[in-house]
1. Given the condition farther than 16 Å from Leu156 by Cβ and buried (at least 23 other Cβ atoms within 10 Å of the Cβ), answer yes or no: does some residue in region 26-34 qualify?
2. Among the candidates Pro342, Pro312, which residue alone is in contact with a Pro (Cβ under 7 Å, 6 or more places away or on another chain) and either surrounded by fewer than 21 Cβ atoms within 10 Å (Cβ to Cβ) or of a type in the set (Gly, Ala, Ser) (or both)?
3. Of all residues in region 428-455 being of a type in the set (A, V, I, L, M, F, W, C) and surrounded by fewer than 20 Cβ atoms within 10 Å (Cβ to Cβ), which is nearest to Ala362 (Cα to Cα)?
4. Filter region 421-455 down to the residues that are at positive phi and under 24 Å from the mean Cα position of the chain (by Cα) and list them by number.
5. Among the residues of region 52-71, is any touching a residue at least 24 places away in the same chain (Cβ under 8 Å) and over 28 Å from the mean Cα position of the chain (by Cα)?
6. Hey, which of the strands (runs of 3 or more DSSP E) in region 146-203, taking only ones fully inside, have at least 3 residues that are touching a residue at least 40 places away in the same chain (Cβ under 8 Å)?
7. Go through region 229-270 and give me each residue that's over 28 Å from the mean Cα position of the chain (by Cα) and of a type in the set (D, E, K, R).
Amino acid sequence: MTEPGEFVPGRPGDPEYETATRVFNLAAPVHPAAAVTARSVDEVRAAVRHAAAAGLGVRMFTSGHGAGAARPMPEALLIRTELGGGVEVDPAGRVARVPAGTRAGELVAATAKHGLTSAHGSSANVGLVNYLLGGGLSGYGRFAGLAVNGVRAVELVTADGVARRVDAEHDPELFRALRGGGGGFGVVTAVEVALFPAGQLVGGATYWAGELAEAVLARWNAWTTDAPREVTTGLRLLNLPAVPGVPPALAGRTTVCVDGLVRAGSAGEARRLADDLLRPLYALGEPLADTWSVLTAEGVLGIHMDPPEPVPFLGEHHLLSTLDSQGEAELLRLLGAGSGSPFVGAGLRQLGGAFATAPEGAGVLGHLDAAFSFAASGVPDPSGPERLLARCAQLRTGLEPWRTGRTVPNFVEHFEQPQRHLDDDEVAAVDRVRLRVDPAGLFRGDIAPNATALV
């Protein structure tokens with residue numbers, strides 16, 4: 001950006017371009033025709049007007065975690081949203097206004113001061129706007145539901161360069177489409193998100209040697225069938241490298257991990273619910289490591305040990321209807337000890353509970369009709385992604401009997417992966433909104449695959 005009223009985007013080779021195109025996923029660099037970092041609504045408006053006048057499409061992101069799932073953008077202006085102002089918390093109304101560019105850790109820190117939290121994800125450095133509007137699977141999810149259901153208002157700049165605020169009373173059709181519709185409506189500049197009392201929290205992760213994976217998976221899977229809504233858990237098969245931050249006991253071997261979060265009204269109840277989960281698992285064998293403990297709201301972000309710095313990754317994601325004993329065996333054949341799995345992490349996130357119910361007034365994506373979210377992620381070879389993509393295809397084939405055919409938009413890691421989260425009627429409905437707010441198709445390239453019939 002230069003002087004007010006003058007817009008000059010960065011071009012390849014310019015420092016501004018290099019800054020705006022940085023991605024967290026180093027395996028998915030982006031190469032737009034031009035790029036800019038917008039730090040105010042006026043700068044977003046100027047960028048949108050410039051793109052329209054120059055015949056460029058408009059694309060946008062914040063952290064670049066989801067860069068691998070983005071359509072190629074050779075004829076687009078990329079807007080990196082880093083708007084200032086900070087998180088504004090209304091403790092009495094239990095709502096926070098979050099500017100585009102805010103990371104999850106910033107929101108958690110701001111709300112924890114008031115004893116409140118939100119349905120944030122597992123990583124502190126993920127941009128909140130894309131996480132929220134793309135569905136959002138939270139450690140609080142079986143209690144709170146999809147994170148997108150907590151969005152109370154959206155501020156955006158549409159194709160005509162106008163800054164708008166939409167909610168349930170102001171353009172409810174656009175508000176519904178924005179929440180899970182797959183993008184392509186404008187540049188979101190802020191969201192308002194619902195908060196709830198953090199409650200009493202117990203959470204963490206327990207790791208066992210990979211040889212115990214069959215027994216741990218079977219026992220955990222049986223527990224999930226009637227698990228309380230206060231508990232949200234996951235099971236992962238890990239092949240962690242020997243790098244700083246990875247405990248030596250877990251590095252260079254296959255391990256199985258059960259992680260999760262308990263949110264309850266009292267400390268005693270939280271500990272009891274955690275014990276009901278963990279006691280039968282501890283009986284299977286001595287853990288290699290165990291981090292389950294009483295947590296603060298900010299401590300929840302440490303459960304998954306997500307990488308704090310950019311890394312290359314590529315993987316596969318699907319929703320699973322269930323997982324019977326044959327499904328357990330197939331999962332271990334593909335990913336367990338001795339499988340030769342190239343994935344650093346792969347596993348299941350427990351759904352059900354509030355994930356399964358769309359609240360009144362929900363967006364176009366308000367619930368998930370599935371028992372588990374499956375995801376696997378690895379580091380591509382320096383020579384290219386072909387070997388990892390081939391293993392992704394094997395996962396797709398092997399898990400076919402249990403796949404629902406649906407995905408969660410912000411869990412997809414590569415553009416070519418089969419993906420879908422809306423049915424045909426929902427796609428038609430959100431496309432009607434797109435045609436109304438963006439008739440010339442300025443934002444068409446930003447739409448998730450299979451979320452539109454316009455591309």
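1. Step one: list which residues in region 26-34 are farther than 16 Å from Leu156 by Cβ, which gives 26-34.
From what's left, buried (at least 23 other Cβ atoms within 10 Å of the Cβ): 32, 34.
Looking for residues that are farther than 16 Å from Leu156 by Cβ and buried (at least 23 other Cβ atoms within 10 Å of the Cβ), one finds at least one in region 26-34, hence yes.
2. Working: Pro342 fails: in contact with a Pro (Cβ under 7 Å, 6 or more places away or on another chain).
Exactly one of Pro342, Pro312 is in contact with a Pro (Cβ under 7 Å, 6 or more places away or on another chain) and either surrounded by fewer than 21 Cβ atoms within 10 Å (Cβ to Cβ) or of a type in the set (Gly, Ala, Ser) (or both), namely Pro312.
3. Applying the first criterion (of a type in the set (A, V, I, L, M, F, W, C)) to region 428-455 yields 428-430, 433, 435, 437, 440, 442-443, 447-448, 451, 453-455.
Those left that are additionally surrounded by fewer than 20 Cβ atoms within 10 Å (Cβ to Cβ): 428-429, 435, 440, 453-455.
Details: Ala428: 17, Ala429: 14, Leu435: 22, Ala440: 28, Ala453: 23, Leu454: 24, Val455: 26 Å.
Out of the qualifying residues, it is Ala429.
4. Taking region 421-455 as the starting set, the residues that turn out to be at positive phi are 441, 450.
Matches in region 421-455: Asn450 only.
5. Of all residues in region 52-71, those touching a residue at least 24 places away in the same chain (Cβ under 8 Å) come to 52, 57-71.
So of that shortlist, the ones also over 28 Å from the mean Cα position of the chain (by Cα) come out as 52.
There is at least one residue in region 52-71 that is touching a residue at least 24 places away in the same chain (Cβ under 8 Å) and over 28 Å from the mean Cα position of the chain (by Cα).
6. Details: elements: 151-157, 163-167, 187-194.
Here the list reads 151-157, 187-194.
7. Initial filter on region 229-270 (over 28 Å from the mean Cα position of the chain (by Cα)): 248-249, 266-269.
Within region 229-270, just Glu269 meets the criteria.
One line per residue, one yes/no per condition, for (1) among the polar types (S, T, N, Q); (2) at pLDDT below 95; (3) outside the structural domain of Arg349 (by TED's automatic domain parsing); (4) over 26 Å from His65 (Cα atoms):
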| position | (1), (2), (3), (4) |
| --- | --- |
| Asp306 | no, yes, no, no |
| Leu314 | no, no, no, no |
| His317 | no, no, no, no |
| Ser325 | yes, no, no, yes |
| Leu332 | no, no, no, yes |
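The values are calculated or read from the model by the stated rules, or taken from the named source; none is laboratory data. Just so you know, these numbers come straight off a predicted model, no measurement behind them. Every residue, glycine among them, receives a Cβ derived from its backbone with ideal geometry; neighbour counts consider all protein chains shown.
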